[in-house]
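Report on the structure given below.
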Amino acid sequence: MNSVTARIAQGVTSIAAEDWEACSGTANPFVGHAFLSALETSRSVGGRSGWQALPVVVDGPDGKPAGIAPAYAKSHSQGEYVFDQGWADAWERAGGNIIPSFRSPRRSARCRARASSFATASRPPR
């Protein structure tokens, strides 16, 4: 039986651009390797930004990425659309710890799959 493996990569830059693009396609440049890796190399994400790139990769039976979902761990409450910094600051002053959250882009940008990855895979019976 052919198997697939899911893993969390250490950033977009740790994945070959051609593998990423084979999964993401070119319709949305904001989930492309060039854009997301530029966020890492410019330090817009990573380091002290509070955002750590942790894309989820599903490797197909051939060992190549068959699907990739851009994802980020967020370690603070700053920069949210819902401004909760006041609550987060009060919680930390009271001795609480902010629990990191895991974020993924919204809507169709979430997960992309290589077109040929599962073409020969058998489907389980319903």
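Please treat every number below as a calculation from the coordinates, not as lab data. Just so we're clear, the structure is a prediction, and the values are computed from it rather than from any experiment. Please note: Cβ atoms are built from the backbone with ideal geometry, for glycine as well, and neighbour counts cover all protein chains shown.
What the table shows:
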item	result
Alpha-carbon Rg with Dmax, taken over segment 1-43, Å	12.0, 43
Over segment 1-40, relative contact order from alpha-carbon pairs under 8 Å, at least 6 apart, %	39
Label-to-label distance, nm, for residues given as Ser44 and Phe30 (7 Å Cα→Cβ offset)	1.1
